[in-house]
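**Q** Dumping the structure here so I can ask a few things about it.
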Amino acid sequence: MKILITGAAGQIGCGISKRLIQNGHELVLIDSLRNGYKSNIEVNGALIAPFFNVDISKPFTLLDTKFDAIIHLAAITSLPDCEINPLETIWTNVGGVTNVLEFAKNHEIPHVIFSSTSAVYENCGADIFTEDLKLNPKLYYSSSKKMAEDIIESYRENYNMEITTLRFFNVFGPDGDYHRIHPPIVNFLAREFLSGISPRLSGDGTQTRDFIWVEDIISMIEICLQKKPNDTFNVCTGLNYSVNQIGKWVSEALNCTHIPLAYKPAEELWSRYPELFAGKYALNKETVKQETIRKSIGSFEKAQKVLGWKPNLNIEHLIKQVAVQIKNDRK
């Protein structure tokens, strides 16, 4: 297949790009490099596929338009980044999906895969998140993804386009950007432990999440490329682990058990973004606290039933494997 990938220089994008090339697919990669790194899609300094620096928040054109599918991963994903840059978030996360769908429609590309997020379940109140729940997110990131999903539904109904929406839960893998102010949790923990620093967690660390290995996301995307489901699926494990537990596993894998975890109040999660809390209309710290301590667990029953997909559930082994890979990659 010939596939266009947006957001190709990010954590998931570079992983799926390398896997698809190994499996004989022809790729064209685009990324604005706002958050991704060109080095992620290079091997020994050479690009793994044709690459274009494209900002999908604006309508775009490419000389090559004959694709079998688009994998749309490009987005602003940091929650505080989205709150600080609301218009850019809407242009990228909502306008971007519109531009990608228009590109697909105008060039008769038969299938689009869209990366959504478990954050759309924010405020839904359910113990286990299933795809049929009513969505009512409030923060900019989660709201922008919900808007994008609504736009996708309109293209399905109005233009008979085949679009797969995948709601990724808490992704972990070796290529997570540890340079970010708020990196993915495993990359953050590894960075701090390897620097001899106690990782400082928001809240008491008992908050739980549904962590999904990046390789399982890649396998899900591969299945969707083959089966082209015109539907929405959770990509999760159905398991809950606390941040404290993840910290323990990472410290064991890196032989850093002598370095304790540290803590700060839950409402101080985004304290490194002081502009959010300045002035009369400051962001409500209770909102930040609830985002920190919330429980997140999904069901992959639909994906298993419809697509035959199952994640790897040996999370301890995978977390430790990724931590060691991060250590080796930093040498």
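**Q** What is the P(r) of the range 1-125, as percent of Cα-Cα pairs per 5 Å bin from 0?
**A** Reading the bins upward from 0: 2, 11, 21, 24, 19, 13, 7, 3, 1, 0.
**Q** When DSSP beta bridges are limited to those with both residues in the chain, what percentage is antiparallel, rounded to the nearest 5? Can you show the working numbers first?
**A** Details: 4 of 36 bridges.
Close to 10 percent.
**Q** If you don't mind, another one. Of the listed pairs LYS228/LYS320; LYS18/LYS227; LYS138/LYS305; LYS134/LYS280, which have alpha-carbon separations greater than 23 Å here? Show your work: numbers first, answer last.
**A** On the way: LYS228/LYS320 33 Å; LYS18/LYS227 20 Å; LYS138/LYS305 31 Å; LYS134/LYS280 32 Å.
Beyond 23 Å between Cα atoms: LYS228/LYS320; LYS138/LYS305; LYS134/LYS280.
**Q** Just to check I understand the Karplus step: with θ = phi - 60° and J = 6.51 cos²θ - 1.76 cosθ + 1.60, what whole-Hz values come out for the range 217-234, glycine and proline as x?
**A** For the range 217-234, the Karplus curve yields 5, 4, 5, 5, 4, 4, 4, 5, 4, 6, 8, 6, x, 9, 7, 10, 9, 6 Hz.
**Q** Which entry in (1) 1.08; (2) 0.95; (3) 0.97 is this structure's computed Rg/Rh (Cα atoms, Kirkwood Rh)?
**A** Identified label for the calculated read-out: (2).
**Q** Using the crude model of +1 on Lys and Arg Cβ and -1 on Asp and Glu Cβ, and no other charge, please compute the dipole size for the chain relative to its Cα centre, in debye to 20.
**A** Dipole about the Cα centre, nearest 20: 560 debye.
**Q** Extension gain LYS280-SER154, at 0.36 nm per residue separation less the Cα-Cα distance, in nm?
**A** So the extension gain works out to 41.5 nm.
**Q** By how many nm would the segment from SER198 to ILE293 lengthen if fully extended, with 0.36 nm per residue of separation less the alpha-carbon distance?
**A** Values: separation 95, 0.36 × 95 = 34.20 nm, distance 2.02 nm.
Extra length available between SER198 and ILE293 comes to 32.2 nm.
**Q** Pop a pseudo-label 7 angstrom from the Cα along the beta-carbon direction at both LEU239 and CYS124 and give the gap in nm to one decimal.
**A** Distance between label points: 2.2 nm.
**Q** Using only Cα atoms, find the angle between the long axis of helix 315-329 and the longest principal axis of the chain, and express it within 0 to 90 degrees, rounded to the nearest 10.
**A** Computed tilt is about 90 degrees.
**Q** Based on DSSP H runs of at least 4 residues, each adding -39500 (n - 2.57), what is the mean residue ellipticity at 222 nm of the chain after dividing by all its residues, to the nearest 500 deg cm²/dmol?
**A** Working: 11 runs with 119 residues, N = 331.
Computed mean residue ellipticity for the chain: -11000 deg cm²/dmol.
**Q** Through the Karplus equation 6.51 cos²θ - 1.76 cosθ + 1.60, θ set to phi - 60°, convert the phi angles of the range 190-197 into ³J(HN,Hα) values in whole Hz; use x for Gly and Pro.
**A** Each residue of the range 190-197 in turn: 4, 4, 5, 4, 5, 8, x, 10 Hz.
**Q** Also: Let me have the relative contact order for the chain, percent, based on Cα pairs under 8 Å that are six or more residues apart.
**A** Taking the mean separation of contacting Cα pairs over the length of the chain, I get 16 percent.
**Q** As I understand it, the value is the acute angle between the Cα axis of helix 140-159 and the longest principal axis of the Cα atoms of the chain; what does it come to in degrees, rounded to 10?
**A** On a 0 to 90 degree scale, this one is about 20.
**Q** A further question on this structure: Could you work out the relative contact order of the range 12-124, using alpha carbon pairs under 8 angstrom and six or more residues apart, expressed as a whole percent?
**A** Across the range 12-124, relative contact order equals 25 percent.
**Q** For helix 243-253, what angle does its Cα long axis make with the longest principal axis of the chain, in degrees from 0 to 90 and rounded to 10?
**A** Taking the Cα atoms of the chain, the angle to 243-253 is about 90 degrees.
Coordinate-derived values only; no laboratory data. It should be emphasised that the depicted structure is a prediction, and the values quoted were computed from it without experimental measurement. Positions of Cβ are generated from backbone atoms using ideal geometry, with glycine treated the same way; all protein chains shown enter the neighbour counts.
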